[in-house]
Structure formats: structure tokens, C-alpha cells
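Every number here is computed from the coordinates shown, using simple stated rules; none is lab data. Remember, predicted model here, so these are calculated numbers, not experimental data. Here the Cβ positions follow ideal geometry from the backbone for every residue, glycine too, while neighbour counts run over all protein chains shown.
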Amino acid sequence: MTTANVKVPAHRNPAAGAAPTSAPGPKTGLMDDPRHRAMVVRITRVAFVLLVLVAWQLASGWLVDDFLISNPIAVAQRLANSITDSTMHENIITTGTELIYGWTIGATAGALIGWFIGSVKFFGEVLEPIIIAVNGIPKVVLAPLFLLWFGLGIGSKVAIAAMIVFFLVFNNVYQGMRNVPQPLVDVAKVMGASRLYIVRRVVLPSVSVPLFAALRIGVSMAMIGVIAGEFVSADKGLGYYAMASTQKFDSAGLFAAIVIIVAMVVALSSIVGIFQRRALAWQQN
């Protein structure tokens, strides 16, 4: 019994020496170009902001009473007038000083204490539940107490902002210290690495990411503490100005204060972001 010889086409027979057809590569579009994508993102962001401003301007006086939401033109005029207003300058300087002092004190204390307690396991076991319990107290509730302790000046506002930032930074640094990979530490010790080398190459990379995340978030949280303190009792500052504008039904002044507050938070957060990108450049390698 003979079997028929069946010829396999060359393009289906790998043994025939035919070159395999290569799969088509992924198609690249304009959005795959980082520079083009960044430009599109910026244009879309600006377009969205302009759309919101136009909708706000059209809604003012038509859908909503003008004295409730004002309008972008009136707010822009108020911001332009504030450039030459010495009283507004004093309010901005007061709030900015309270923000920077409160953020710096809270961030420094939170980082140092979080590092220390995270390094010493015994102190961590003793103090962690106590700090968590204290952190559960609403910070705004303590504003009158700080006013009693530190007076009606900038001291009470700095204390409120520092306390808020402290717990935020402390928690992130403490958790970062607890999450340091112990096997890497043990290997470094076996290889004869110094304590300073272990801190630089193992501990800092584990702590730096949550630390900078807390620092950036802490900017807006510190501003919340400052404004809350100025709402309670103050005779100057953007919070005081916003509260006074509300009592006068001056919505343009209120929105102008909000714009300045947002600008201050964005500016300080951007500065922290610059240091963050430089400190965490190792992640891109």
C-alpha cells in the first residue's frame, strides 16, 4: 500500500526555508510623542478653564444672582486693584508667613519624630497608638485652644497649620521606616556596608517617596489650618479678608481672596515638586 505524497506549500512549511512573515508593529500616533502630548494636555487644560469662565460669566445675573457668585470680570478687576492695595499686600504677607512657618515647623517635626520612632521599634510600639488617638481629634476644634495658648496673632495660626502638617508627615515617614526592606539591610550589613551607606542607599529611597507625597499634600492642608484660624479670630490675613467680604455680601472680594489663596498653594507646592523631582531622580534610572 503506497501513501500519496502530499506537497505542503512553502509558505506553510517551516522546513522549506521560507522566511516567516513578521507581525506588523504597533502603530504610532501623534499622542505617542511626549512633546506633542504635553502640548495637547496644556491646550486642553487652558480650554477647559476658559470654558468654565465663560459659563460662569453667562450664568452670573441670568441663572444665579450676581451678588452670590459675582463674575470673572469683576473678580479680575478686584485682583487688579489689589496690586496697588497696601491692605491686601498686608493680608497676603500675613497669610503667606503663617503658611510657610506652619508648614516648615510641622514638616520638620513630623519627619524627625517619624524617623526616630520608626527606627526604634520599642518607641514605635509605645507611642504609635497614642499619636493615632491624638490625630483623631478634629484640628479645627483645637483652634480656640491654640488661640488661648498663643494669642490672637500669627502664633495661633502657625500652631494650627504645624499640627496638621506634623501628623501628615509623621504618619508617612513612620510607615516608610516600617516598610524598609529588611533583607536589603541584612545583605548590606553582611557585605560590610557602613550605617551611613545603608541609610543613603536603602532607608532614604524607602522613605523619600511617602515623605515628599506628604510634603506636597501638607501645603494645602497647612493653608486650611491657617484660613481656619483666621476665620476664628484675626484682624488681617486672607481668611479675615474673605470672612469680611462674606459679611458684606462682596462676592467679588471673596472670589479674589480664593484665587490668591489657590495661587499661593500652587506656588509653594510647585517649589516642593521641583525638589521632589531632583531628589527622586533615581527612580527614572
Per-pair calculated FRET efficiency, R0 = 41 Å: residue 149 and residue 193 via Cβ, rounded to 0.05: 0.35
Degrees separating the helix 238-247 axis from the principal Cα axis of the chain, which is the longest one: 70 degrees
Over the chain, with a Gaussian network built from C-alpha contacts below 10 Å, which listed residue (228, 188, 59) shows the highest mean-square fluctuation? 188
Work out the FRET efficiency for residue 133 and residue 33 from their Cβ-Cβ distance, taking R0 = 41 Å, and round it to the nearest 0.05. 0.20
Computed, not fitted: 222 nm per-residue ellipticity of the chain from DSSP H runs ≥ 4 (each -39500 (n - 2.57)), nearest 500, equal to -24000 deg cm²/dmol
Averaging over every viewing direction, what projected area does the convex hull of the Cα atoms of the chain cover, in nm²? 31.2 nm²
Give the value in nm², to one decimal: projected area of the alpha carbon convex hull of segment 76-193, averaged over all directions. 11.5 nm²
With springs only between Cα atoms under 10 Å, which of 156, 119, 269 fluctuates most in a Gaussian network model of the chain? 119
What percent do you get for the relative contact order of the chain when only Cα pairs under 8 Å and 6+ apart count? 22 percent
Which one, 99, 127, 215, has the greatest fluctuation when you compute a Gaussian network model over the chain with C-alpha springs under 10 angstrom? 127
